[in-house]
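Here's the structure we're looking at; comments come further down.
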Amino acid sequence: MKKKQTFDLRNREQEMADIKTLHLTFVNAFLVKAREGFVLIDTGLSMHWEKLESELISAGCLPDQLKLVVITHGDLDHCGNCRKLQEKYGARIAMHKADEPMVRNGLIRKRKIKSIRSKFFFLLKTIFNSRLEYKKFTPDIYLAAGQSLQEYGLDVTVIHMPGHTHGSIGVLTDDGSLIAGDTFTNNKYPATARLVENQNELEMSLARLKKLNIKKIYPGHGLPFEMETIMHRL
C-alpha cells in the first residue's frame, strides 16, 4: 500500500489547488504545497503561534520544508508570527515594500470603515491588538506586481492590489485560485474590503482583478468562495 503523504488534502477547500486553510480564530493563513516543500501565506496573531506551529509541523512543513512566507499586507493579524518564524526556523519573509513601515516600525494605517459591523470588528481588533506584544520584523524579500514564485516551487503570480493598504498583494495560481488577504472578506457573505486606506486604489484594483482568470477566492477572513458570486459587485 502506498504510504500516505504527510500533507493532508482531506480539506475540500483545496479542490482547485494544493491550498490548506489554517483557521486561526477570526483570521486565515494558507499553506500551499510547492514542488519541494511549502509556502505559507500570512501567519495570524502572535497569540496563534502554538496552533500555527502545530499545524505546520503536522503538515510536514516545519522544521525544514518552509521555503517562503508571503505576507498579503502589514496588519498585525496577518503578520504576527513572522519574527518568530524568522528566529526559530530561519524563515524568509516576503511582502510588498509599500507596507514595510507597518511591520518594521509598527505604523498603524488610517482606514475608512464601510459598515457598522466593520466598525465594531475594527474596534474589537484595535482593543485586542493593543494587549498584544507587537513583534516588529524586517522583511527579507520585497515582492512586486507580476512577479512569479517559481524559484520557490510555485507556479503563481503576485498580484498587487492596493486599497485595503497600499502594499496589499494576492497570490494567483495558474488554475485561478486567488489568496487575497483582506481585499475580499466572507464573514457573512462575500464582499470587498470593509476597511479601506484608499478607495480609488481599491476600485482600480478590483477593476484589474475582474479582467483576470480568477475562479476562486481565498479571503483573509471567512470561507473561500467562487469569484462569480461577487463579479457583479466589482
*Could you list all residues from the stretch 215-226 that are out of contact with any helix residue (DSSP H, G or I) (no Cβ under 8 Å at 6 or more places or on another chain) and either free of Cβ contacts under 8 Å to residues at least 24 places away in the same chain or of a type in the set (Gly, Ala, Ser) (or both)?*
Gly222, Glu226
*Can you tell me which residue in the stretch 164-193 is nearest to Ile19 (Cα to Cα), limited to those that are surrounded by fewer than 24 Cβ atoms within 10 Å (Cβ to Cβ), in contact with a strand residue (DSSP E or B) (Cβ under 6 Å, 6 or more places away or on another chain) and not polar (S, T, N, Q)?*
Leu172
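Yes/no per residue for (1) among the polar types (S, T, N, Q); (2) more than 15 Å from the chain's Cα centre (by Cα); (3) modelled with pLDDT under 95:
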position: Leu178; (1), (2), (3): no, no, no
position: Pro190; (1), (2), (3): no, yes, no
position: Asn200; (1), (2), (3): yes, yes, no
position: Lys215; (1), (2), (3): no, yes, no
position: Gly220; (1), (2), (3): no, no, no
position: Glu226; (1), (2), (3): no, yes, no
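Would you mind stating whether Gly80 is modelled with pLDDT under 90 and either charged (D, E, K, R) or more than 29 Å from Ala207 (Cβ to Cβ) (or both)?
Here the answer is no, as Gly80 does not meet what is asked.
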_Tell me the residue from Leu40, Leu66, Leu52, Leu24 that is closer than 16 Å to Val171 by Cβ, at pLDDT 95 or above, hydrophobic (A, V, I, L, M, F, W, C) and buried (at least 22 other Cβ atoms within 10 Å of the Cβ), please._
Leu40
_Can you pull out every residue in the stretch 59-83 that is in contact with a helix residue (DSSP H, G or I) (Cβ under 6 Å, 6 or more places away or on another chain) and among the charged types (D, E, K, R)?_
Lys67
*Please work out which residue is nearest to Val32 (Cα to Cα), limiting yourself to the stretch 162-198 and to residues that are in contact with a Pro (Cβ under 7 Å, 6 or more places away or on another chain) and assigned to a strand (DSSP E or B).*
Ala180
*asked:* So Lys112 passes all but one of these: (1) surrounded by 15 or more Cβ atoms within 10 Å (Cβ to Cβ); (2) touching a strand residue (DSSP E or B) at 6+ places or on another chain (Cβ under 9 Å); (3) modelled with pLDDT of 55 or more. Which condition number does it fail?
replied: (1)
*asked:* Can you tell me which of (1) modelled with pLDDT of 95 or more; (2) among the aliphatic types (A, V, I, L, M); (3) part of a helix (DSSP H, G or I); (4) under 23 Å from Ala145 (Cα atoms) is the one Met95 doesn't meet?
replied: (3)
*Flag for Thr229 being among the β-branched types (Val, Ile, Thr) and either surrounded by fewer than 18 Cβ atoms within 10 Å (Cβ to Cβ) or free of Cβ contacts under 8 Å to residues at least 12 places away in the same chain (or both)*: yes
*Which of the residues belonging to the stretch 43-90 are within 22 Å of Leu178 (Cβ to Cβ), of a type in the set (S, T, N, Q) and in contact (Cβ under 8 Å) with a residue 60 or more places away in the chain?*
Thr72
*asked:* If the requirement is being assigned to a loop (DSSP other than H, G, I, E, B) and modelled with pLDDT of 95 or more, which of these qualifies: Ala207, Ala145?
replied: Ala145
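The values are calculated or read from the model by the stated rules, or taken from the named source; none is laboratory data. Only a predicted model underlies this, so the values are computations on that prediction, with no experimental measurement involved. So basically every Cβ, Gly included, is an ideal-geometry build from the backbone, and we count neighbours across all protein chains shown.
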